């Protein structure tokens with residue numbers, strides 16, 4: 001099942017990261033842009049289902065971008081703005097926005113509006129489970145099973161695993177992982193390494209020779225979804241049995 005894709009176009013890096021993190025926690029693919037040029041390029045490349053658009057971007061007119069996006073007729077648009085005057089709201093809606101939220105706003109209201117817009121699009125369904133054969137990631141219960149065993153992950157370990165898995169095998173830098181998997185703005189790459197090491201101890205056959213979360217030299221880490229078949233069987237009949245897991249959660 002393919003997840004809905006959301007593009008965030010927001011000039012404030014902290015808010016952009018925070019919105020992205022919360023959207024990822026409920027199962028959306030998230031792509032982030034900081035300005036108009038990045039937004040256009042990413043839109044053409046990713047073709048998202050929904051665009052979260054800041055009304056005041058640092059390098060141009062957001063309303064002009066909104067009109068251009070609306071002309072593509074491919075994505076719904078949720079505009080975010082600190083301007084709450086009726087004339088500003090009307091201008092945003094007339095430019096092509098499908099909904100308009102004024103800042104500041106509550107995160108639950110934001111997620112509810114996103115959900116309502118995604119119901120209108122009805123193009124794809126948000127997954128409840130990422131199935132990689134031996135490894136299954138439950139996005140609703142935020143649980144992970146390996147060979148049917150329930151693995152006890154911390155909330156941060158779960159977020160890190162999910163972000164790696166949703167990248168589709170593409171390597172992610174430590175900076176990208178910090179931006180996408182952490183709720184707060186952190187600039188310590190060692191934080192990523194520490195959590196990857198902890199995650200490997202829980203889900204790898206041999207953490208010293210990891211196959212699932214691989215290190216990509218001079219880049220960062222990637223999730224190796226090719227390790228198992230879609231039907232749940234191991235790709236190699238010589239794959240060693242899983243070692244006993246020391247930490248299991250209560251069902």
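The values are calculated or read from the model by the stated rules, or taken from the named source; none is laboratory data. Bear in mind that the values here come from a model prediction, so they are computed numbers and not experimental data. For neighbour counting, all protein chains shown are included, and Cβ atoms are generated from backbone atoms with ideal geometry for every residue, glycine included.
Worth a mention:
- Condition check for residue 63: surrounded by 17 or more Cβ atoms within 10 Å (Cβ to Cβ), at pLDDT 90 or above and either assigned to a helix (DSSP H, G or I) or not assigned by TED's automatic domain parsing to the domain that holds residue 117 (or both): yes
Residue by residue, here is whether (1) in a helix (DSSP H, G or I); (2) free of Cβ contacts under 8 Å to residues at least 60 places away in the same chain; (3) under 21 Å from the mean Cα position of the chain (by Cα) holds:
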| site | (1), (2), (3) |
| --- | --- |
| 11 | no, yes, yes |
| 17 | yes, no, yes |
| 21 | yes, no, yes |
| 38 | yes, yes, yes |
| 68 | yes, yes, no |
| 117 | yes, no, yes |
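- Lone qualifier among 198, 225, 159, 175 - being in contact with a helix residue (DSSP H, G or I) (Cβ under 8 Å, 6 or more places away or on another chain), modelled with pLDDT of 85 or more and either within 18 Å of residue 136 (Cα to Cα) or not assigned by TED's automatic domain parsing to the domain that holds residue 136 (or both): 159
- Single condition residue 138 does not satisfy, out of (1) under 19 Å from the mean Cα position of the chain (by Cα); (2) surrounded by 20 or more Cβ atoms within 10 Å (Cβ to Cβ): (2)
- Selected residue (criterion: nearest to residue 155 (Cα to Cα)) from residues of the range 194-225 that are part of a helix (DSSP H, G or I) and in contact with a strand residue (DSSP E or B) (Cβ under 9 Å, 6 or more places away or on another chain): 199
- Reported count of residues in the range 1-30, each being touching a strand residue (DSSP E or B) at 6+ places or on another chain (Cβ under 6 Å), modelled with pLDDT of 85 or more, more than 14 Å from residue 77 (Cα to Cα) and buried (at least 18 other Cβ atoms within 10 Å of the Cβ), is 8.
- Residue 92 surrounded by 15 or more Cβ atoms within 10 Å (Cβ to Cβ) and in the same structural domain as residue 203 (by TED's automatic domain parsing): no
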